[in-house]
1. (1) part of a strand (DSSP E or B); (2) modelled with pLDDT under 95; (3) surrounded by 14 or more Cβ atoms within 10 Å (Cβ to Cβ); (4) among the small types (Gly, Ala, Ser): which one isn't true of Ala85, the others all being true?
2. Within region 117-132, is there a residue that is closer than 21 Å to Lys40 by Cα, of a type in the set (Asp, Glu), modelled with pLDDT of 90 or more and surrounded by 12 or more Cβ atoms within 10 Å (Cβ to Cβ)?
3. Can you tell me which residues in region 13-49 are modelled with pLDDT under 50, open to solvent by less than 90 Å² (accessible area, probe 1.4 Å) and part of a loop (DSSP other than H, G, I, E, B)?
4. Condition first: open to solvent by 60 Å² or more (accessible area, probe 1.4 Å), under 21 Å from Glu61 (Cβ atoms) and out of contact with any Cys (no Cβ under 6 Å at 6 or more places or on another chain). Can you find one or more residues in region 109-116 that meet it?
5. Gly179 fails exactly one of the following numbered conditions: (1) of a type outside the set (Asp, Glu); (2) at positive phi; (3) in a strand (DSSP E or B). What is the number of that condition?
6. For the list (1) more than 26 Å from Lys82 (Cα to Cα); (2) open to solvent by less than 70 Å² (accessible area, probe 1.4 Å), I need the number of the one condition that Arg181 fails.
Amino acid sequence: MASGDDSPIFEDDESPPYSLEKMTDLVAVWDVALSDGVHKIEFEHGTTTGKRVVYVDGKEEIRKEWMFKLVGKETFCVGAAKTKATINIDAVTGFAYEYTLEINGKSLKKYMENRSKTTNTWVLHLDGEDYRVVLEKDTMDVWCNGKKMETAGEFVDDGTETHFSIGNHDCYIKAVSSGKRKEGIIHTLIVDNREIQEISE
């Protein structure tokens, strides 16, 4: 989009008409961190035509043209685990609308707060590539760059280890009791005998 100056968005007259329309109808964008990666959800709402279009990671999931009812909701799935997402369209005043995203029936904020309690996430750099490793604590499933990993669990003296590999690198997530009820179990990612720092999403 043009920034600040009055230059036309398109240089030639052959520009496709939908591009300009697409830019003006885009009303909301959300980034949602799931186990298989961070997904971008975009929502177009044509308040004159009632058009509703939902994109997930740039791919069109829902398109509805000429909707008489301008408020309502659109439900769709996100990511490899087909997580349920709903965009709520509410009228605020006159022709102003509010758009809220729910994931698995919870507001995005609540969902992300809950997620930080149920998952651990690590980002690491191996062999010139970036990897995002996510542990789902309730199922002990391990995800790496959008794929569920084959894992092998093992009991050790002070807890458990969940082994998997990234390329030719040996990795495991060690689970050890913190000794404190409030903290519960501490999960640590070890790659090639080196501890990786956890990130908070």
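The values are calculated or read from the model by the stated rules, or taken from the named source; none is laboratory data. Predicted model, so just to flag it, every value in this text is computed and none were measured. Please note: Cβ atoms are built from the backbone with ideal geometry, for glycine as well, and neighbour counts cover all protein chains shown. What goes into the accessible areas is simple: the full protein's heavy atoms, side chains included, and nothing from ligands, DNA or RNA. Shrake-Rupley method; radii C 1.70, N 1.55, O 1.52, S 1.80 Å.
1. Just one mismatch for Ala85, condition (2).
2. Looking for residues that are closer than 21 Å to Lys40 by Cα, of a type in the set (Asp, Glu), modelled with pLDDT of 90 or more and surrounded by 12 or more Cβ atoms within 10 Å (Cβ to Cβ), one finds none in region 117-132, hence no.
3. Ser15, Pro16
4. Scanning region 109-116 turns up no residue that is open to solvent by 60 Å² or more (accessible area, probe 1.4 Å), under 21 Å from Glu61 (Cβ atoms) and out of contact with any Cys (no Cβ under 6 Å at 6 or more places or on another chain).
5. The number of the failed condition is (3).
6. With (1) more than 26 Å from Lys82 (Cα to Cα); (2) open to solvent by less than 70 Å² (accessible area, probe 1.4 Å) applied to Arg181, the lone miss is (2).
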